[in-house]
Amino acid sequence: MLSPERLSLPGPEYLAQRHVLTYMEDAVSQLLENREDISQYGIARFFTEYFNSVRQGTHILFREFSFVQATPHNRASFLRTFWRCFRTVGKNGDLLTAQEYHCLLQLLCPDFPMELTQKAARIVLMDDAMDCLMSFSDFLFAFQIQFYYSEFLESVAGIYQDLLAGKNPNTVIVPTSSSGQHRQRQPPNDCNPLEGVEASLFYQCLESLCDRSKYSCPPSALLKEMLSNAQRMTFYGFLVALAKDQGINRALGALPDKGDLFLDPAMDQELEKLVAQISGLSMSSPASSSGDTANVPVRNLPRINSPWKPLHHRRKMDAESEGSNEETDSSEN
């Protein structure tokens with residue numbers, strides 16, 4: 001059934017808003033890259049499986065970072081997948097460093113940039129404590145804000161600097177995807193962290209930014225509610241408030257509330273099936289003294305050899321979920 005939004009927008013505008021061309025181009029690219037394998041089961045089935053994987057959010061597994069961050073849906077899918085694969089880290093109470101969390105991110109996206117991980121860690125730890133341990137929930141919600149709203153936060157950093165310098169906020173330029181100079185701008189150090197900038201003026205600038213920006217922004221109403229509780233706001237305080245705001249988390253829609261972070265019945269059921277399958281394989285070959293080493297790597301082979309085929313996404317996600325326990329066991333307590 002078509003949504004009212006679909007009927008109210010011209011076709012090209014709707015396609016651009018939903019990034020349909022991005023997925024079509026990626027699907028055709030994968031089709032050409034894997035045409036020999038795809039010829040075995042047909043092009044129609046390939047496109048069906050590809051767009052099913054897009055709908056389910058598994059299409060971002062083991063993909064390059066440029067694709068993972070290409071659309072809001074891709075970013076939300078990556079956040080959801082990271083949570084589902086590695087929530088046992090938090091469930092077991094393990095604390096990890098920024099480098100260790102980055103290693104987990106690279107299991108899903110091999111070229112994931114360390115810079116984004118470090119920015120998320122700074123929200124939790126501040127600059128002078130980057131080697132400290134973090135809980136899974138603290139890192140996850142900070143990472144969600146930094147990753148999903150990265151362009152928005154870069155613009156906010158510029159606005160904050162301008163306000164500290166006493167510049168007219170109306171002259172702030174909203175960046176575009178080709179704005180290399182803006183992307184090199186570093187998050188500001190608060191000149192006076194005890195005072196920051198006037199919260200009401202800060203909100204007016206953010207509201208104007210949200211109205212003009214082509215990138216994803218937090219809902220203006222939630223920003224207003226958050227900033228209305230303070231007279232002045234620092235940039236670091238703003239990042240922390242964003243990460244802790246459950247209203248913004250619900251609006252983004254990728255992660256559950258903090259109280260439900262370690263609950264995922266669907267994934268638990270899949271893991272139980274996986275454990276049962278492995279147990280059945282082990283019991284079927286009791287005479288083999290090396291059965292435990294012969295069975296487990298077989299689950300990992302599709303993830304290494306065929307990272308781009310949508311038909312294998314579910315199997316690869318199972319393998320990652322299983323592999324998360326190994327990361328947890330090696331983490332610091």
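Between the C-alpha center of the range 28-51 and that of the range 231-284 there is a gap of 32 Å. Among 227-236, 16-25, 140-149, the peptide with the highest mean count of other Cβ atoms within 10 Å heads the list, and the full ranking is 140-149, 227-236, 16-25.
Here's how it looks for Leu9: its modeled amide H is under 5 Å from none belonging to a residue 5 or more places away or on a different chain.
Ordered by packing density, taken as the mean number of other Cβ atoms within 10 Å over each peptide's residues, highest first, how do 94-102, 205-213, 150-158, 250-258 rank?
Result, highest mean Cβ count within 10 Å first: 150-158, 94-102, 205-213, 250-258.
Legend: translational diffusion of the range 10-56 by Stokes-Einstein, Rh = Kirkwood radius over C-alpha pairs, 10 °C, 1.306 mPa s; D = 138 µm²/s. Legend: residue pairs Lys119/Lys273; Lys167/Lys214; Lys91/Lys224; Lys167/Lys224; Lys167/Lys258, Cα-Cα distance threshold 31 Å; pairs beyond threshold, Lys119/Lys273; Lys91/Lys224; Lys167/Lys258.
Across the range 86-92, rounded Karplus estimates of 3J(HN,Hα) from the backbone phi angles (6.51 cos²θ - 1.76 cosθ + 1.60, θ = phi - 60°) give 10, 5, 4, 4, x, 5, 8 Hz, Gly and Pro being marked x. The H on the amide N of Arg232, modeled in the peptide plane, is under 5 Å from the matching H of Ala199, each at least 5 residues off or on a different chain. A quarter of the convex hull surface defined by the alpha-carbon atoms of the range 210-271 gives 6.0 nm² as the mean projection.
For Met134, nonlocal amide neighbours, meaning residues 5 or more places apart or on other chains whose placed amide H falls under 5 Å from its own, are Leu96, Thr97.
Every number here is computed from the coordinates shown, using simple stated rules; none is lab data. These figures come from a predicted structure and were not determined experimentally. Counting neighbours? That spans all protein chains shown, and the Cβs are built from the backbone with ideal geometry, glycine included.
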